[in-house]
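Participant: Okay, here's the structure, questions in a sec.
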Amino acid sequence: MSLVELIVVIGIIGLLATIAIPKYKGIQGAAETAAARRNAQTIAMVASSAQSAGNLTIEEATTIDDALSAVVHGPSSGMGIFADMDFKVSELTGEDLALAKQYLSFENGSLVYHAEKQEPKSGYIP
């Protein structure tokens, strides 16, 4: 293989890389969004199920952070009807919770999942 051929091959590889890298980053961002939505749905489902079974009380929570803390440290430990189930909610990282929180709201004493991002609310929720 001559030097010219080698330079052409390196140029083609470089061109393909410049096309592929932005597409990869877009796919990676879509995957992070899907994971955040899935985590938010799971959190809302666990909270709703635990509240219905009487294993979780978050009505006294005043912020979404208080409600999330109650869910993460509550029903995931396997209480009551959740005795043999593990939803892995307690294994979510702080970053996972922050991303999932964008798709949750705290309304009437319950965590509610929304398909679209929610505007962050500061302070207390009436």
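Participant: Only one of (1) under 24 Å from E119 (Cβ atoms); (2) modelled with pLDDT of 90 or more; (3) of a type in the set (A, V, I, L, M) fails for A67. Which number is that?
Facilitator: (2)
Participant: What's the total number of residues in segment 24-55 that are buried (at least 20 other Cβ atoms within 10 Å of the Cβ), among the hydrophobic types (A, V, I, L, M, F, W, C) and modelled with pLDDT of 85 or more?
Facilitator: 4
Participant: Can you go through D84, D96 and tell me which one is of a type in the set (D, E, K, R), touching a helix residue (DSSP H, G or I) at 6+ places or on another chain (Cβ under 8 Å) and either at pLDDT below 80 or outside any loop (DSSP other than H, G, I, E, B) (or both)?
Facilitator: D96
Participant: Further, regarding this structure: Run G78 past the list (1) at pLDDT 80 or above; (2) in contact with an Asp or Glu (Cβ under 7 Å, 6 or more places away or on another chain) and report the number of the one that doesn't hold.
Facilitator: That leaves (1) as the condition not met.
The values are calculated or read from the model by the stated rules, or taken from the named source; none is laboratory data. Every value quoted in this text rests on a predicted model; they were computed, and no experiment measured them. Using ideal geometry, Cβ is built from the backbone for each residue, glycine included, and neighbour counts are taken over all protein chains shown.
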